Amino acid sequence: MLKLENVSFEVETEDSTKKEILKDVSLEIDDRFVAITGPNGGGKSTLAKIIAGIYTPTSGKIYFDGEDITDMSITERAKLGISFAFQQPVRFKGLTVKDLITLAAGKKINVSDACTYLSEVGLCARDYIDREVNASLSGGELKRIEIAMIMARETKLSVFDEPEAGIDLWSFNNLIQVFQKMYKKTNGSIIIISHQERILDIADKVVVVANGQIKQYGKKSEILPELLGRNIAPCKVLTDNQ
C-alpha cells in the first residue's frame with residue numbers, strides 16, 4: 001500500500017547549514033497496524049509528516065497504492081485516502097462536533113450517524129454532538145473526536161503522531177480501547193508514532209527510527225523484547241496525577 005524509496009529530508013539551520021533529518025529511508029507498509037517508535041529527535045514525526053504530505057522529501061519517492069504521491073499536497077493525499085492526526089488536535093471556534101464529523105464524512109449525515117461515530121470512541125453523543133470545538137474540550141476529548149472524524153472518512157491509511165501526548169492516564173486508557181476498536185472495525189491501515197509500550201503492543205509490526213534511519217522493522221514479537229531490553233525507545237509510563 002505505502003512505499004518509500006530512498007527518502008531523505010533536510011532543513012536549513014539558523015547558521016545556513018543543512019541538517020539531515022531523514023537519511024535514505026526505504027520502507028514498505030501494507031499491514032493493518034504499524035507502530036513507529038524510537039528516541040526523541042530520531043525522525044519519527046518527520047517521517048509521519050512526509051507520509052501525510054505536510055513535508056516534501058528533499059529526495060526519494062513515495063508511492064501509495066502504486067501511485068507516485070511524492071509531490072502531492074496533504075489535501076491531494078487526503079482525497080486518495082490518507083488521514084493525519086496531529087499531536088495537538090486543532091480547535092475550530094464556531095464549529096460543532098457534528099459539523100466536523102459531517103465535513104469529515106464528505107456527505108450529509110444525520111444526528112444518529114454522527115452519534116454512532118462518537119459512541120465508537122467512547123463519548124456520550126448527547127453531551128458532545130452540539131458542543132463547539134473550542135477550549136472547553138480537553139486534549140483527550142479532542143483526540144477522540146479527531147479519531148471519530150477519521151472513522152467517518154473511512155480512509156485507507158490513518159496516521160497518528162504521538163496521540164498519547166498531553167493527556168492524562170484516564171484519557172490514555174480510553175485511547176488504547178479506541179485504537180483496539182478501530183483496529184477491529186476499520187478496513188484501512190493505521191500508522192501510529194508512539195513511545196508507549198501499550199500502543200506498540202497492539203501493533204502488527206514495529207518500525208524503529210533513530211538518527212534519521214530505519215534501524216529495525218518487523219513483527220512486534222520479534223522487535224519488542226529486544227527494543228525494550230536495550231531501551232532504544234524509552235516508554236514513558238503515565239501516572240494517575242499526569
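Of everything in the range 168-205, what is within 21 Å of residue 118 (Cβ to Cβ), touching a strand residue (DSSP E or B) at 6+ places or on another chain (Cβ under 8 Å) and of a type in the set (Gly, Ala, Ser)? Give them in sequence order. Scanning the range 168-205 gives a single hit, 188.
Kindly establish whether residue 33 is modelled with pLDDT of 95 or more and either surrounded by 13 or more Cβ atoms within 10 Å (Cβ to Cβ) or small (Gly, Ala, Ser) (or both). In short, no.
Only one of the numbered conditions (1) in contact with a Ser or Thr (Cβ under 6 Å, 6 or more places away or on another chain); (2) more than 16 Å from residue 188 (Cβ to Cβ); (3) touching a residue at least 40 places away in the same chain (Cβ under 8 Å); (4) buried (at least 21 other Cβ atoms within 10 Å of the Cβ) is violated by residue 50, and that is (1). Residues in the range 136-186 that are in contact (Cβ under 8 Å) with a residue 40 or more places away in the chain, under 21 Å from residue 94 (Cα atoms) and charged (D, E, K, R): 143, 146. Residues in the range 110-130 that are surrounded by fewer than 19 Cβ atoms within 10 Å (Cβ to Cβ) and either closer than 14 Å to residue 185 by Cβ or out of contact with any Lys or Arg (no Cβ under 9 Å at 6 or more places or on another chain) (or both): 110, 112, 113, 116, 119, 120, 122, 124, 125, 126, 127. Criterion first (within 30 Å of residue 197 (Cα to Cα), touching a Gly at 6+ places or on another chain (Cβ under 8 Å) and surrounded by fewer than 22 Cβ atoms within 10 Å (Cβ to Cβ)) does residue 154 satisfy it? So residue 154 fits the description; yes. The set of residues in the range 1-30 being modelled with pLDDT under 90 and of a type in the set (Val, Ile, Thr) consists of 13, 17.
Across the range 61-93, the qualifying residues are those that are free of Cβ contacts under 8 Å to residues at least 60 places away in the same chain and assigned to a strand (DSSP E or B), and the one among them that is farthest from the chain's Cα centre (by Cα) is 93.
Here residue 164 fulfils each of the conditions (1) under 14 Å from residue 104 (Cβ atoms); (2) assigned to a loop (DSSP other than H, G, I, E, B) apart from (1). Scanning the range 39-89 for residues that are farther than 18 Å from residue 212 by Cα, among the hydrophobic types (A, V, I, L, M, F, W, C) and modelled with pLDDT of 95 or more turns up 64, 69, 72. On the basis of being closer than 27 Å to residue 188 by Cβ and β-branched (Val, Ile, Thr), does residue 56 make the cut? Taking the combined requirement at face value, the residue satisfies it. Residues of the range 180-227 that are aromatic (Phe, Trp, Tyr) and closer than 18 Å to residue 51 by Cβ: 217 alone. Checking 116, 96, 155, 102 one by one, the residue that is under 16 Å from the mean Cα position of the chain (by Cα) and among the hydroxyl-bearing types (Ser, Thr, Tyr) is 155 and no other.
Can you spot a residue in the range 132-146 that is at pLDDT 80 or above, within 18 Å of the chain's Cα centre (by Cα) and not charged (D, E, K, R)?
yes
Being part of a loop (DSSP other than H, G, I, E, B), of a type in the set (D, E, K, R) and in contact (Cβ under 8 Å) with a residue 40 or more places away in the chain holds for only one residue in 15, 31, 24, and it is 31.
The values are calculated or read from the model by the stated rules, or taken from the named source; none is laboratory data. Owing to the predicted nature of the structure, the values given are computational and were not obtained by experimental measurement. Glycine gets a Cβ as well: all are built from the backbone with ideal geometry, and neighbour counts include every protein chain shown.
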